[in-house]
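Structure first, then comments.
What follows is calculated from the coordinates using simple rules that are stated; it is not laboratory data. The model shown is predicted, which means the values in this text are computed figures rather than measured ones. Cβ coordinates were reconstructed from backbone atoms using ideal geometry, including for glycine residues, and neighbour counts include every protein chain displayed.
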Amino acid sequence: EGPMTVGEFAKLIRREASEVIKKLLFLGIMATINQEIDTDAMELIASEYGITLEVKPPVDEEAIDMLVEEDRPEDLVPRPPVVTIMGHVDHGKTTLLDAIRHSNVTETEAGGITQHIGAYQVEVGDRKITFLDTPGHEAFTTMRARGAQVTDICILVVAADDGVMPQTIEAISHAKAANVPIIVAVNKIDKPDANPDRVKQELTQHGLVPEEWGGDTIFVNISALKRQGLDELLEMVLLLADIRELKANPKARPRGTVIEAKLDRGRGPVATVLVQNGTLKVGDIVVAGTTYGRVRAMVNDRGKRLKEAGPSTPVEIQGLNGVPSAGDLFVVYDDERAARNLVEKRANREREQMQATTRVTLDDLYRQIR
Ligand code: GDP
Ligand code: MG
């Protein structure tokens, strides 16, 4: 929020100005009430009081926003939905992810070798659905913590022999907070003690009311293990996608989100990114978090090398100069030097923040020793 005086800052954190001045003195800064206080010092003092300052949007984010032009409506085309599977432990998330993957990938494709890159895409008729591969809600929360919005639809898996459990409820609140619609997959209906109606009743108490009871939540009975009901589930995903009219502009400047990344011994840093707008191409200059580089190669979840990847496509890219974090946004730059400058600025800022934290810790320690 621009420059601030010591007095204004004290008011902001609800402390006496004299107290702040004393703190500043302790940090080796001489200041009066009407002098400007720098951001570092503000953060430092605030954190000593256990207050986290809302940091103003950093300059480079503004730079990225400036790069992103508005899409013309006539350029928008339908894109595949991006789906996350959530639910209580042992209710069948992994089994469902595997079942969908194997039932909808033909063995002849690229030798039929599946690559675990953190996300995959299946074909349903002439359409596609993208699945985020990390079961549980960690992926979801990591992404959201970084402000990334990648999920269009959440499949909530509830075991019909176990019913609604704590992590079921947690998943519902995550999806609601992110404004992501839920399809309920009532799983394990092959089990003798399965009671899908009980699941419906229990979920109704959490605001998920099935259509036949006058609500608008889609329920599908499935057995992930026996691969029953999967086609219907995928159809419902596509139906919901149609209702939501998910669209993107393949001609836009490519941007999206890092799903996961690692350092590969042979290939160096590799990152799975979800392209959310535009079409990412080999040779593009990408900035992702505090890393950048020219895309050297792109591989999909079936190990196939791609030259380009359009909206909702997850691809593993090579060529970044470091390992970005899950949830980092990426954007394509025209100019390599601008990309490098931005990344250096970001890295410096991160380093400074880290140093600030360390300083506070040392101060705390000192105080304790005293
Ligand atoms: P996750 O913790 O949600 O990922 O659950 P898993 O997919 O690991 O499944 C937990 C257990 O439930 C495993 O032993 C699965 O074989 C079993 N399971 C999953 N789906 C079904 C199903 O549809 N029917 C039956 N009978 N067992 C299932
Ligand atoms: Mg699992």
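List of remarks:
- Potential lengthening of the chain between GLU74 and ASN195 amounts to 38.8 nm, from the contour at 0.36 nm per residue minus the alpha-carbon distance.
- Averaging the sequence gap over all C-alpha pairs within less than 8 Å and six or more residues apart, then dividing by the number of residues, gives region 290-355 a relative contact order of 37 percent.
- Amide H contacts of PHE131 (H built 1.01 Å from N, under 5 Å, at least 5 apart or other chain): VAL83, TYR120, GLN121, VAL122
- Each of ASP242 and ARG127 was given a label point 7 Å from its Cα along the Cα-to-Cβ line. The distance between the two points is 0.6 nm.
- Signed unit charges on C-beta, dipole axis of region 130-271, positive-most listed residue VAL237, VAL258, PHE131: VAL258
- Highest-first arrangement of 82-88, 219-225, where packing means the average Cβ count within 10 Å: 82-88, 219-225
- Environment charge at PHE219 (Cβ cut-off 13 Å; Lys +1, Arg +1, Asp -1, Glu -1): -4
- Highest mean packing comes first when the peptides 212-218, 9-15 are listed by Cβ atoms within 10 Å, giving 9-15, 212-218.
- Note on region 277-345 and region 69-93: Cα centroid distance 20 Å, given to the nearest whole angstrom.
- For region 169-240, the C-alpha radius of gyration sits at 1.11 times the compact-globule guess of 2.2 N^0.38 Å, with N the residue count.
- Extension gain for PHE26 to GLU336 (0.36 nm times residue separation, less C-alpha to C-alpha distance): 107.3 nm.
- Taking 25 Å as the limit for the C-alpha separation, the pairs LYS176/LYS345; LYS176/LYS226; LYS128/LYS262; LYS251/LYS304 exceed it in the case of LYS176/LYS345; LYS176/LYS226; LYS128/LYS262.
- Packing rank of 269-277, 22-30, 288-296, where each peptide gets the mean count of other beta carbons within 10 Å, highest leading: 269-277, 288-296, 22-30
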